[in-house]
Amino acid sequence: MKPLEQITDDLKANVKYAEHQDEYLTLPVHKYPNGMLAIALELSDEEIEEIGKTKKLYMSVHTFNQPL
């Protein structure tokens, strides 16, 4: 799974979470003034195949009890 800088054709990431934290994958997001986040992820062929089999996609967001 690869996080994308270009969220949609008209929307680019304007914030990068965990950019200088080697233990984490940098997550580019577009953060709106109201706090909502838009995130785009590109899946590998293997990931798409697995989702097709299980019909499930899991996502965890760790905030460490802090605002994201």
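For this structure, a couple of remarks:
- Cleavage-rule hits (trypsin sites (Lys or Arg not before Pro)) in the chain: DSSP loop, at most 10 neighbouring Cβ within 10 angstrom: 55, 56
- Pairs of lysine residues in the chain that meet both criteria, 8 or more places apart or on different chains and Cα atoms under 20 Å apart, total 7.
- Principal-axis tilt of helix 45-54 within the chain, Cα atoms, nearest 10 degrees: 70 degrees
- Simple spin-label estimate for residue 48 and residue 36 in nanometres, 7 Å along Cα-Cβ: 2.8 nm
- Overall, the chain carries a charge dipole of about 360 debye about its Cα centre when +1 sits on the Cβ of Lys and Arg and -1 on the Cβ of Asp and Glu, all other atoms neutral.
A short reminder: the numbers here are calculations on the coordinates, not readings from a lab. Fair warning: this is a prediction, and the values are worked out from it, not measured in the lab. All Cβ positions, even for glycine, are placed from backbone atoms using ideal geometry, and neighbour counts span all protein chains on display.
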